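Only one structure is covered here, and it is reproduced in the block below.
The values are calculated or read from the model by the stated rules, or taken from the named source; none is laboratory data. Computed from a prediction, not measured in an experiment: that's the story for all the values here. All Cβ positions, even for glycine, are placed from backbone atoms using ideal geometry, and neighbour counts span all protein chains on display.
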Amino acid sequence: MNRIQIHFDGDIAANHQVSMRTLGKTLSHLQNAMDRAYIENKYGEVWKHTRMKIADYKETEFLVQEPKEGGYILDFLADNAVSQAIVDRIASAITPALEQAMQQGEDVTHSLTQQMEIRKSQITQEIIKPIGYEELVGNPSKQVIRKYGDRSITKEIDQILAIIRSKSSGQSTFELVTHGLRSCKFLFNRNTSEKFHQIVSKRSLGEPVIYSAKVLSLDFKNQNGKISNVANNRMANIHFNNEVSFMKAKTFLGTHEKMTFIGCPLIEYGSFDPQAGDIHFIDLA
């Protein structure tokens, strides 16, 4: 029998109970993490916007058990063909992030705006040369050190930990226990949950790539938009550093003309989605 257990303790679990809001948010994001693990196990990879099919729901069903005292403890059990793979995949995604969080010191990183200016300067000085999209897919940047599934799963766990990071939770802890091929325990307090967040939400810009896309929509207020990548017909978010860049793309909006441009893929927690991941616009090619 494969098992996942959640355990809230401290101020958040007064009288061995938690609020409906706390439990609802926890279960929603935990199920999302399990779904992402299942999709990767079934298809070999998981990409942004990938969704579960109704036919797959049965294989990801874990049955809710009676709550236990000792804070607030809730078990979820499953005994089907893929439940072990789901449980172990979640554990394998969390383990390196938590280990890094426990060792994390002061991390000084450049903002995405600063990184964009650095990339522009590197291109101008011919320190780096933009690569084609096909090369990006076949030979990802050295900055990509883990599968997108790791980012996808830890992002959901990080949403649960936002509950512990909140000052309204006082002195509280959250423990996630997984029992699959092996057993793992992951204990978070406010400090470790904050460091975990810093690790899994770290963003950087990859090496510049030449894209060809159709501009689908643009949002002037937020300086972003949506494009359709001509190479794979997948939609992606595009971000602009300033109004000048935004206006260059605007000339292609509402036309059938393709926009060929240089952009940097967004790398999150050492991973990215080459099919539909976010792109930061540098300039027209």
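To keep it simple, each residue is scored yes or no on (1) loosely packed, with under 12 Cβ neighbours inside 10 Å; (2) touching a residue at least 40 places away in the same chain (Cβ under 8 Å).
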site: 20; (1), (2): yes, no
site: 35; (1), (2): no, no
site: 52; (1), (2): no, no
site: 79; (1), (2): yes, yes
site: 82; (1), (2): no, yes
site: 103; (1), (2): yes, no
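If I filter the stretch 242-249 for residues that are among the hydrophobic types (A, V, I, L, M, F, W, C), part of a strand (DSSP E or B) and either out of contact with any Cys (no Cβ under 6 Å at 6 or more places or on another chain) or surrounded by 19 or more Cβ atoms within 10 Å (Cβ to Cβ) (or both), do I get at least one hit?
Initial filter on the stretch 242-249 (among the hydrophobic types (A, V, I, L, M, F, W, C)): 244, 246-247, 249.
If we keep only those that are part of a strand (DSSP E or B) as well, we get none.
No, that holds for no residue.
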When residue 14 is run through (1) of a type in the set (Gly, Ala, Ser); (2) at pLDDT 95 or above; (3) within 20 Å of residue 189 (Cβ to Cβ), the failure sits at (2)
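Could you tell me whether the stretch 142-151 includes any residue that is over 22 Å from residue 275 (Cβ atoms), in contact (Cβ under 8 Å) with a residue 12 or more places away in the chain and β-branched (Val, Ile, Thr)?
Of the residues in the stretch 142-151, the ones over 22 Å from residue 275 (Cβ atoms) are none.
No, there is no match, as no residue in the stretch 142-151 is over 22 Å from residue 275 (Cβ atoms), in contact (Cβ under 8 Å) with a residue 12 or more places away in the chain and β-branched (Val, Ile, Thr).
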State which residue is nearest to residue 161 (Cα to Cα) when the search covers only the stretch 176-200 and only residues that are small (Gly, Ala, Ser) and crowded, with 17+ Cβ neighbours inside 10 Å.
193
Listed residues 149, 138; which is surrounded by fewer than 16 Cβ atoms within 10 Å (Cβ to Cβ) and on the phi < 0 side of the Ramachandran plot?
138
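Looking for whichever is at pLDDT 95 or above, surrounded by 12 or more Cβ atoms within 10 Å (Cβ to Cβ), more than 27 Å from residue 168 (Cα to Cα) and aromatic (Phe, Trp, Tyr) here; the options are 62, 8. Which one fits? Quick ask: steps written out before the conclusion?
Values: 8 fails: more than 27 Å from residue 168 (Cα to Cα).
Of 62, 8, the one residue that is at pLDDT 95 or above, surrounded by 12 or more Cβ atoms within 10 Å (Cβ to Cβ), more than 27 Å from residue 168 (Cα to Cα) and aromatic (Phe, Trp, Tyr) is 62.
Which residues, taken from the stretch 201-225, are of a type outside the set (Ser, Thr, Tyr) and farther than 27 Å from residue 128 by Cβ?
Start the filter on the stretch 201-225 by keeping residues that are of a type outside the set (Ser, Thr, Tyr), which leaves 202-203, 205-210, 213-216, 218-225.
Answer for the stretch 201-225, where residues must be of a type outside the set (Ser, Thr, Tyr) and farther than 27 Å from residue 128 by Cβ: 216, 218, 219, 220, 221, 222.
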Given (1) part of a strand (DSSP E or B); (2) within 24 Å of residue 121 (Cα to Cα), index of the condition residue 236 fails:
(2)
In the stretch 228-257, how many residues are touching a Gly at 6+ places or on another chain (Cβ under 9 Å) and of a type in the set (Val, Ile, Thr)?
1
Selection count where residues are more than 22 Å from residue 41 (Cβ to Cβ), in contact with a strand residue (DSSP E or B) (Cβ under 6 Å, 6 or more places away or on another chain) and aliphatic (A, V, I, L, M), scope the stretch 67-104
2
Residue under question is residue 169, and the condition is that it be polar (S, T, N, Q), touching a residue at least 60 places away in the same chain (Cβ under 8 Å) and more than 30 Å from residue 262 (Cβ to Cβ); does it hold?
yes
